[in-house]
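K.L.:
One structure, as structure tokens, below. Some questions next.
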Amino acid sequence: MSEFGAEAPYGHHGDPLERWTEEYQENFYQHQVNMLKRISFLRGTCPWILMDFRSPRRPLPGIQDFHNRKGLISDRGDKKKAFYIMQKYYRELETTVPK
């Protein structure tokens, strides 16, 4: 499963149902992980994207500011709330998936 995610600038907080907030991104990832856990034949995942990056096609002022903000980590290296959802998911996989 690849290229799933939601956009949120680091430090932008609000309701979990409010787009562009870290809480929205965190909530999105939690729902995604819950769904992934129910797919018995799933062998790997790759969220889109690990780290925010500059993008001229993302001009939304105050939110994107010419960055793709779908990363789990900000362009300055700050871990967003969704990072910890994926970290927990991958750590759980380490202990439950046979090698």
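None of the figures in this text is laboratory data; all of them are computed from the coordinates on show. Just so it is clear, the structure is predicted and the values come from calculations on it, not from any experiment. Here Cβ is always computed from backbone atoms with ideal geometry, including for glycine, and neighbour counts include all displayed protein chains.
K.L.:
Could you name the aspartates and glutamates in cross-link range of K37, using Cα to Cα under 20 Å and dropping any fewer than eight places away on the same chain?
P.N.:
By straight Cα distance, K37 reaches E3, E26, E92, E94.
K.L.:
Separate question: Magnitude of the Cβ-charge dipole of the chain, K/R +1 and D/E -1, about the Cα centre, nearest 20 debye?
P.N.:
380 debye
K.L.:
Taking the chain, how much of its Cα-Cα pair set, in percent, is spaced more than 17 angstrom apart?
P.N.:
Details: 2435 of 4851 pairs.
Roughly 50 percent, once rounded to a whole number.
K.L.:
Quote the relative contact order of the chain in percent (integer), defining contacts as alpha-carbon pairs under 8 Å separated by 6+ residues.
P.N.:
Working: 162 pairs, mean separation 27.9, N = 99.
For the chain, the relative contact order is 28 percent.
K.L.:
Counting Lys and Arg as +1 and Asp and Glu as -1, what is the net charge of the other residues whose Cβ lies under 9 Å from the Cβ of S74?
P.N.:
Details: positive: R69, R76, K79, K80; negative: D52, D75, D78.
Overall, the nearby charge balance is +1.
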